[in-house]
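A.B. asks: Provided herewith is a single structure, encoded as structure tokens, for subsequent inquiry.
The values are calculated or read from the model by the stated rules, or taken from the named source; none is laboratory data. None of the values given here were measured: they were computed from a predicted structure. Cβ sites come from the backbone with ideal geometry, for glycine too, and all protein chains shown count toward neighbours.
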Amino acid sequence: MKKILITGAAGFVGSHVSERIFNEYKKSKILLYDKITYAANLKYLSKILKKKNVYFIKSDLLNYKVLERSLKNVEMAINVAAESHVDNSFGNSLLFTKTNTLGTHSFLEACRKQNVKKIIHVSTDEVYGENLNKPFKEDQILNPTNPYAASKAAADMIVNSYNHSYKLNVTTVRANNIYGIRQFPEKLISKTIYSFLNKKKMTVHGKGNSIRFYLSVNDFCNGLIKIINKGKQNEIYNIAASKSYKVIDIIKLIAKHLNKDLKKNIRFIKDRPFNDKIYKINCKKLNKIGWRDRDLLEAQLPEICNWYKKNLNLFD
């Protein structure tokens with residue numbers, strides 16, 4: 001591919017996707033598009049930002065003129081940009097609708113106008129809603145239960161309409177909770193590490209019994225590449241980790257690794273207005289084209305903790 005654009009490129013997931021795309025398409029011109037919110041940092045792109053074929057564009061998805069102009073002659077566009085912290089969505093839900101829903105609509109329309117041949121839209125497993133029984137397949141009816149998930153589900157509906165109405169080639173990716181280095185310390189794993197390193201108590205919703213599957217950002221990127229290379233057009237692909245954890249068990253793992261007394265370093269707080277107990281998704285469709293998760297959270301923790309030790313100043 002001659003030209004590729006990635007939105008949300010300076011964020012946690014976006015920066016890893018950008019590095020991986022750079023390594024996979026060394027001869028391509030790569031445009032990194034990001035408005036630089038509190039959770040993004042150009043330092044995350046330091047390995048590739050000065051390469052001759054890499055260009056950074058600081059702009060919002062809602063700046064339609066800049067976005068459409070940036071997509072000129074782009075052959076593949078990957079939409080990673082999103083407001084993704086569920087807690088924030090309860091207090092500022094309109095921002096989530098603007099970025100996740102209207103932003104995706106703006107992205108798709110600009111891709112349509114510029115005739116982008118291959119489009120990847122990154123969604124979330126939370127669009128399916130809570131699941132206490134069999135893992136949800138990609139054709140499950142969407143049932144979001146919080147403002148963040150609703151804004152992403154609305155974006156997925158717009159994607160579906162563009163696939164049908166305009167025959168746009170959009171592939172949707174729905175993944176579990178993603179973890180790794182560079183994640184802003186507001187999600188469970190990054191916040192726990194950051195809190196313990198700063199000698200602050202980690203807050204726990206309710207009793208910490210909600211269950212989540214945690215997918216390493218490396219495995220996510222591997223899945224994305226499989227989908228780009230072998231996935232079918234206009235399809236939805238779940239990317240699921242194979243192991244789940246209770247929230248409190250994740251905190252215990254990190255406390256043990258950092259030699260912290262759990263009882264002295266956590267504080268239980270009121271639960272979210274609504275907190276899904278578990279999300280379970282089926283990713284056999286992705287397995288069929290050769291993907292498996294490889295990274296175990298326990299094995300990744302030392303590297304992630306060391307990264308936060310060295311980079312605490314990024315979050316001051």
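A.B. asks: All but one of (1) modelled with pLDDT under 95; (2) crowded, with 19+ Cβ neighbours inside 10 Å hold for Ile251; state the number of the condition that does not hold.
C.D. replies: (1)
A.B. asks: Checking Glu126 against (1) touching a residue at least 40 places away in the same chain (Cβ under 8 Å); (2) closer than 25 Å to Ile189 by Cβ; (3) assigned to a loop (DSSP other than H, G, I, E, B); (4) of a type outside the set (A, V, I, L, M), which test does it fail?
C.D. replies: Unmet for Glu126, out of (1) touching a residue at least 40 places away in the same chain (Cβ under 8 Å); (2) closer than 25 Å to Ile189 by Cβ; (3) assigned to a loop (DSSP other than H, G, I, E, B); (4) of a type outside the set (A, V, I, L, M): (3).
A.B. asks: Need the failing condition index for Lys98 against (1) buried (at least 19 other Cβ atoms within 10 Å of the Cβ); (2) out of contact with any Ser or Thr (no Cβ under 8 Å at 6 or more places or on another chain), just the number.
C.D. replies: In the conditions (1) buried (at least 19 other Cβ atoms within 10 Å of the Cβ); (2) out of contact with any Ser or Thr (no Cβ under 8 Å at 6 or more places or on another chain), Lys98 misses (1) alone.
A.B. asks: Would it be correct to say that Tyr245 is more than 21 Å from Met76 (Cβ to Cβ), in a strand (DSSP E or B) and not charged (D, E, K, R)?
C.D. replies: Yes, satisfied.
A.B. asks: Looking only at region 209-238, filter to residues that are of a type in the set (Gly, Ala, Ser) and at pLDDT 95 or above; which one of those is surrounded by the most Cβ atoms within 10 Å (Cβ to Cβ)? Walk me through how you get there before you give the answer.
C.D. replies: Taking region 209-238 as the starting set, the residues that turn out to be of a type in the set (Gly, Ala, Ser) are 210, 216, 223, 231.
Now narrow it down to the ones that are at pLDDT 95 or above: 216, 223, 231.
On the way: Ser216: 22, Gly223: 25, Gly231: 22.
Residue satisfying both the conditions and the ranking: Gly223.
A.B. asks: How many residues does region 160-179 hold that are assigned to a loop (DSSP other than H, G, I, E, B) and crowded, with 24+ Cβ neighbours inside 10 Å? Lay out the reasoning, then the answer.
C.D. replies: Let us first name the residues in region 160-179 that are assigned to a loop (DSSP other than H, G, I, E, B), namely 166-169, 176.
This time we only want the ones that are crowded, with 24+ Cβ neighbours inside 10 Å, so: 176.
Residues flagged as assigned to a loop (DSSP other than H, G, I, E, B) and crowded, with 24+ Cβ neighbours inside 10 Å within region 160-179 amount to 1.
A.B. asks: Moving on. Which helices (runs of 4 or more DSSP H) sit wholly inside region 1-107 and have at least 2 residues that are modelled with pLDDT of 95 or more and assigned by TED's automatic domain parsing to the domain that holds Gln233? Before you say what the answer is, go through the steps one by one.
C.D. replies: On the way: elements: 12-24, 64-70, 86-91, 93-96.
Output list reads 12-24, 64-70.
A.B. asks: Here is a further query. Out of curiosity, is Ile269 touching a strand residue (DSSP E or B) at 6+ places or on another chain (Cβ under 8 Å), among the β-branched types (Val, Ile, Thr) and over 23 Å from Ala175 (Cα atoms)?
C.D. replies: yes
So that you can scan it fast, the table gives a plain yes or no per residue for (1) farther than 14 Å from Ser84 by Cβ; (2) among the acidic types (Asp, Glu); (3) touching a His at 6+ places or on another chain (Cβ under 9 Å):
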site: Val127; (1), (2), (3): no, no, no
site: Glu130; (1), (2), (3): yes, yes, no
site: Glu138; (1), (2), (3): yes, yes, no
site: Ile141; (1), (2), (3): yes, no, no
site: Asn146; (1), (2), (3): no, no, no
site: Ser151; (1), (2), (3): no, no, no
site: Val159; (1), (2), (3): yes, no, yes
site: Tyr166; (1), (2), (3): yes, no, no
site: Thr172; (1), (2), (3): yes, no, yes
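A.B. asks: State which residue is nearest to Lys137 (Cα to Cα) when the search covers only region 277-316 and only residues that are in a loop (DSSP other than H, G, I, E, B) and of a type in the set (A, V, I, L, M, F, W, C).
C.D. replies: Only one residue fits best here, namely Cys283.
A.B. asks: Ok, one more. Can you spot a residue in region 288-296 that is modelled with pLDDT of 95 or more, crowded, with 19+ Cβ neighbours inside 10 Å and among the aromatic types (Phe, Trp, Tyr)?
C.D. replies: yes
A.B. asks: Could you list, in sequence order, the residues of region 195-215 that are among the small types (Gly, Ala, Ser) and touching a helix residue (DSSP H, G or I) at 6+ places or on another chain (Cβ under 6 Å)? So that I can check it myself, show each step before the final result.
C.D. replies: As a first pass, look at region 195-215 and keep what is among the small types (Gly, Ala, Ser): 195, 206, 208, 210.
Gly208, Ser210 - these are the residues of region 195-215 that are among the small types (Gly, Ala, Ser) and touching a helix residue (DSSP H, G or I) at 6+ places or on another chain (Cβ under 6 Å).
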